[in-house]
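The values are calculated or read from the model by the stated rules, or taken from the named source; none is laboratory data. Everything quoted here is computed from the prediction, not taken from an experiment. Methodologically, a virtual Cβ is constructed for each residue, glycine included, from the backbone with ideal geometry; neighbour enumeration extends over all protein chains shown. Note: accessible area is taken over every heavy atom of the protein model, side chains too, but ligands, DNA and RNA are not part of it. Shrake-Rupley method; radii C 1.70, N 1.55, O 1.52, S 1.80 Å.
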Amino acid sequence: MTWNQQKKKKNYDNFWLGFIPGLILPAIFNVIIFKAKWTTEQPLLEAMWKLAEKGFMGKDLMAALLPSLILLIFFSAIKKEKACMGTFVGLTPFLILAFIFI
């Protein structure tokens, strides 16, 4: 491959490519797990917070991290280092919350 061909080749390794799904996936899966497991008449976030304070949401938070961890492994396997770092940074707040509420 010549220098011009390398320059024209698009590089899809981007921090934001990993950060956005890494931040959104755990939140979406946490809501899905909560809706499947619990029924309540309270607003969603209030009910989730009350259950988390009682210690019932720790395992659910850990399960909600799995899609982001799979995405992290996928980006690592295809050698997209910036996207891998973005996924980890997006995953970190939910990881901290999971360890707090366990």
In whole angstrom, note down how far apart the Cα centers of region 13-28 and region 38-52 are.
25
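Can you give the calculated 222 nm mean residue ellipticity of the chain, where each DSSP H run of n ≥ 4 adds -39,500 (n - 2.57) and the sum is split over every residue, rounded to the nearest 500 deg cm²/dmol? Present the calculation step by step, with values, prior to reporting the outcome.
Working: 6 runs with 80 residues, N = 102.
Calculated from helices alone, the mean residue ellipticity at 222 nm is -25000 deg cm²/dmol.
List the GluC sites (Glu not before Pro) within region 3-102 that fall in a DSSP loop (any state other than H, G, I, E or B) and whose Cβ has at most 10 other Cβ atoms within 10 Å.
On the way: sites: Glu41, Glu46, Glu53, Glu81; in loops: Glu41.
In loop regions of region 3-102 (DSSP not H, G, I, E or B), the sparsely surrounded GluC sites (Glu not before Pro) are Glu41.
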Viscosity 1.002 mPa s, 20 °C: Kirkwood-radius Stokes-Einstein D of the chain over Cα pairs, µm²/s
143
Proximal lysine pairs, the chain, alpha carbons under 17 Å, eight or more residues apart or interchain
11
Simple spin-label model, 7 Å along Cα-to-Cβ: Lys37 to Phe99 in nm?
2.0
Percent accessible area from carbon and sulfur atoms, region 39-102, protein chains only, probe 1.4 Å:
73
Given charges at Cβ of Lys, Arg, Asp, Glu: the chain dipole, positive-most of Ile32, Phe56, Ile20:
Ile20
Probe 1.4 Å, all chains present, heavy atoms only: Leu66 accessible area in Å², nearest 10, is 100
